[in-house]
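Here is the structure we will look at, set down as structure tokens.
The values are calculated or read from the model by the stated rules, or taken from the named source; none is laboratory data. It should be emphasised that the depicted structure is a prediction, and the values quoted were computed from it without experimental measurement. Methodologically, a virtual Cβ is constructed for each residue, glycine included, from the backbone with ideal geometry; neighbour enumeration extends over all protein chains shown.
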Amino acid sequence: MTRSQTDANAIEVRGLVKHFGETKALDGVDLDVREGTVLGVLGPNGAGKTTLVRCLSTLLVPDAGTATVAGYDVVRQPRQLRRTIGLTGQYASVDEKLSGFENLYMIGRLLDLSRADARRRADEMLERFSLTEAAKRPAMNYSGGMRRRLDLAASMIGRPAVLYLDEPTTGLDPRTRNEVWDEVKLMVSEGVTVLLTTQYMEEAEQLASELTVVDRGKVIAQGEVDELKAKVGGRTLKVRPVDPARLPEMAAALRETGLDGVAGATVVPDEGALYVPILTDQQLTAVVTLLGSRGFGIAHIGTHLPSLDEVFLAITGQKTTGSELSDTTSEEVAA
Ligand SMILES: Nc1ncnc2c1ncn2[C@@H]1O[C@H](COP(=O)(O)OP(=O)(O)O)[C@@H](O)[C@H]1O
Ligand SMILES: [Mg+2]
């Protein structure tokens, strides 16, 4: 059975409020997640992401507002709601001492599966998340990537219609992060609705179709990932000419040819650099070719993914308030 994408909302949140003393962790949040889609909730540390997930999982009772998941009210129908969701992320519930198989089998039994069904489902999920060979080893001996895959497998045992992924790749190396993304994409292709929280614009881009940006318990932007990306640029090209005095001339050349995109290039005199938002490989090639053909001597050229700071700056004109920021990945470009 696959669930197909419809116009119905799997998650509806209206005016959700949760305060911890003076801290307004959620300060009136509205959001919808359509069935069969992935909503990315992007925000810095302390934005309220985990509080949102915990409210939607019935682990926390909101102070005000309403939220329904698969039609069940988080406050009035917690038991029914819990049966439709899967949760994984920062606080995964894997028992370190048990093997991968034992963990999954136990969860199956907790979900009222018979012994035979729990065994079958555990084997299925181990196979599905490429853990069959490691099935008998204690989870404490798993690598970071294997642990995340076991977390995902655990959250899928009960065939949830709605899955919460709370910062599923924070702290993982890039290769393992890619593996987790592949798994999530596969689950989504099978029709699960996903609410994904993340601090990485790149992760939201990879996995989500729509994006809600949160900061200090408030939604500060909402829309399709492509719309928000067009504002920010998918990547940023940084060019440093040998002669900084030529920066304005470079910016003008890009403006004349329309190669600097919707947002335009930015000259940063302090760094002796020009920043160009890049949306496509064609644009990147054209910019590099143009600068070469005009004879600007280039000291440094490279691209990086926009950091959360740059995203926030583009959307709100303000820096984030979070503490841990700017996970910027750089790659050199051959000029
Ligand atoms: N149980 C709690 N008691 C007190 N303050 C909390 C609690 N949980 C979260 N907070 C505070 O609420 C805010 C939002 O936290 P959280 O939802 O964990 O953010 P995020 O997951 O986006 O990093 C933070 O300021 C955090 O310190
Ligand atoms: Mg969190």
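Which residue pairs have Cβ atoms under 7 Å apart, sit 6 or more places apart or on different chains, and have a first residue in region 44-57 that is at positive phi and a second that is within 6 Å of ligand 1 (Cβ to nearest atom)?
48/25
For region 66-96, name all the residues that are modelled with pLDDT of 95 or more and among the acidic types (Asp, Glu).
73
Within region 153-169, is there a residue that is part of a helix (DSSP H, G or I), assigned by TED's automatic domain parsing to the domain that holds residue 194 and surrounded by fewer than 22 Cβ atoms within 10 Å (Cβ to Cβ)? Explain how you work it out, then say what you get.
Applying the first criterion (part of a helix (DSSP H, G or I)) to region 153-169 yields 153-156.
Retained after the next criterion (residues that are assigned by TED's automatic domain parsing to the domain that holds residue 194): 153-156.
Subsequent filtering for residues that are surrounded by fewer than 22 Cβ atoms within 10 Å (Cβ to Cβ) retains none.
Looking through region 153-169, none of the residues is part of a helix (DSSP H, G or I), assigned by TED's automatic domain parsing to the domain that holds residue 194 and surrounded by fewer than 22 Cβ atoms within 10 Å (Cβ to Cβ).
Could you count how many residues in region 218-242 are at pLDDT 90 or above and β-branched (Val, Ile, Thr)?
Adding up the residues that qualify gives 3.
From the list 109, 82, 147, 121, pick out the single residue that is more than 16 Å from ligand 2 (Cβ to nearest atom), out of contact with any Lys or Arg (no Cβ under 9 Å at 6 or more places or on another chain) and over 30 Å from residue 201 (Cβ atoms).
Values: 109 fails: out of contact with any Lys or Arg (no Cβ under 9 Å at 6 or more places or on another chain); 147 fails: over 30 Å from residue 201 (Cβ atoms); 121 fails: out of contact with any Lys or Arg (no Cβ under 9 Å at 6 or more places or on another chain).
Step by step, each of 109, 82, 147, 121 is checked, and only 82 is more than 16 Å from ligand 2 (Cβ to nearest atom), out of contact with any Lys or Arg (no Cβ under 9 Å at 6 or more places or on another chain) and over 30 Å from residue 201 (Cβ atoms).
Let me spell it out: the conditions are (1) within 17 Å of the chain's Cα centre (by Cα); (2) surrounded by fewer than 20 Cβ atoms within 10 Å (Cβ to Cβ); (3) more than 16 Å from ligand 2 (Cβ to nearest atom), and residue 45 meets all of them except one. Which number is the exception?
In the conditions (1) within 17 Å of the chain's Cα centre (by Cα); (2) surrounded by fewer than 20 Cβ atoms within 10 Å (Cβ to Cβ); (3) more than 16 Å from ligand 2 (Cβ to nearest atom), residue 45 misses (3) alone.
With (1) β-branched (Val, Ile, Thr); (2) under 20 Å from residue 156 (Cα atoms); (3) touching a strand residue (DSSP E or B) at 6+ places or on another chain (Cβ under 7 Å); (4) within 16 Å of ligand 1 (Cβ to nearest atom) as the list, and residue 58 as the residue in question, which single condition is left unmet?
All conditions pass for residue 58, except number (3).
Under 9 Å between Cβ atoms, at least 6 apart or on separate chains: pull out the pairs that start in region 261-280 with a residue that is not assigned by TED's automatic domain parsing to the domain that holds residue 225 and end on any residue that is of a type in the set (Phe, Trp, Tyr).
Note: pairs meeting the criteria are 265/275; 266/275; 267/275; 268/275.
So which helices (runs of 4 or more DSSP H) are wholly in region 41-128 and hold at least 1 residues that are assigned by TED's automatic domain parsing to the domain that holds residue 10 and acidic (Asp, Glu)?
Details: elements: 49-56, 78-84, 100-110, 115-128.
Output list reads 100-110, 115-128.
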